[in-house]
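Quick note: the coordinates plus some simple rules give every number you see, no bench work behind them. No experiment lies behind these values; they were computed from the predicted model shown. Cβ atoms come from the backbone with ideal geometry, glycine included; neighbour counts cover every protein chain shown.
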Amino acid sequence: AQTVTQSQPEMSVQEAETVTLSCTYDTSENNYYLFWYKQPPSRQMILVIRQEAYKQQNATENRFSVNFQKAAKSFSLKISDSQLGDTAMYFCAFLIFSNNNDMRFGAGTRLTVKP
Amino acid sequence: KAGVTQTPRYLIKTRGQQVTLSCSPISGHRSVSWYQQTPGQGLQFLFEYFSETQRNKGNFPGRFSGRQFSNSRSEMNVSTLELGDSALYLCASSLTGTSYEQYFGPGTRLTVT
């Protein structure tokens, strides 16, 4: 079974500081994608960052970076220089390459950035 | 380029009724996926359409169905509504059908009373 686990239901961080959100997944497949999505109060899901499992280099998008540990099946998100606009639910998601669009999501982490 | 649009944004229905939700993908995108989001179950994949064909289906009862038109717009239908169907329904579109390019719409909030 393909599952995604986010063990932190809620987190908070002071503005301008760094925070790391955890995600682990379980699969026996070798080819897959991993994603972090952000869902602000407006409810629109926004792709933050994605990682192809075959790439060893960790993906980076501006203030967002991941720590991808394939052997440990871990995919954490680091947000640097946190901004008030980063306040949102963050979902880790997992997609097996051969399974089209059956994307599996974690339960989410509610992140609050405090001024 | 306009994003994914969903109509209506909010809907209130009574148990036993049926409902149809609509999703217009980004222009040129041929794949549309649907997800149900609830506080208890989180985000769950419903189904995916590509070029008018259902390619993949999640673990939902037959009351949940969908279709895609030649212009790639998609509808999902829920018949004989139950209280547990109250949820945010999200659709997402992608250009080629692979989710690494997936873009989500704002969702339709369905409340069943």
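Which lysines, on any chain, are close to A:LYS73 with Cα under 18 Å apart, when same-chain ones fewer than 8 places away are left out?
Straight-distance partners of A:LYS73: A:LYS55.
How are the Cα pair distances of chain A distributed, in percent, across 5 Å bins from 0?
Histogramming chain A at 5 Å steps yields 2, 12, 24, 25, 19, 10, 5, 2, 0 percent.
If I histogram all Cα-Cα distances within the protein assembly as shown using bins 10 Å wide from 0, what percent of pairs lands in each bin?
Whole-percent P(r) values from 0 Å outward: 8, 33, 35, 20, 4, 0.
Could you pull out the pairs from A:LYS70/A:LYS114; A:LYS70/B:LYS57; A:LYS38/A:LYS70 whose alpha carbons sit more than 25 Å apart here?
A:LYS70/A:LYS114; A:LYS70/B:LYS57
Taking R0 as 35 Å, what's the FRET efficiency between B:LEU11 and A:ASN31 from their Cβ-Cβ distance, rounded to 0.05?
Details: r = 38 Å, r/R0 = 1.10.
Efficiency for this residue pair is about 0.35.
Go through segment A:31-115 and name the trypsin sites (Lys or Arg not before Pro) that are in a DSSP coil and have 12 or fewer other Cβ atoms within 10 Å of their Cβ.
A:LYS55
Using DSSP to define loop residues, name the chymotrypsin sites (Phe, Trp or Tyr not before Pro) in segment A:49-109 whose beta-carbon has at most 13 other beta-carbon atoms within 10 Å.
A:TYR54
May I ask for the equivalent-ellipsoid semi-axes of segment B:1-105, computed as the square root of five times each C-alpha gyration tensor eigenvalue and listed largest first in whole Å? Intermediate results must be reported in sequence, preceding the final value.
On the way: eigenvalues 99, 36, 35 Å².
Result for segment B:1-105: semi-axes of 22, 13, 13 Å.
Specify the inter-centroid distance of segment A:32-65 and segment B:52-92, based on alpha-carbon positions, in whole Å.
Measuring centre to centre over Cα atoms gives 26 Å.
Between A:ARG63 and B:GLU101, take the C-beta separation as r, use R0 = 30 Å, and let me know the FRET efficiency to the nearest 0.05.
Numbers: r = 22 Å, r/R0 = 0.74.
That gives a FRET efficiency of 0.85.
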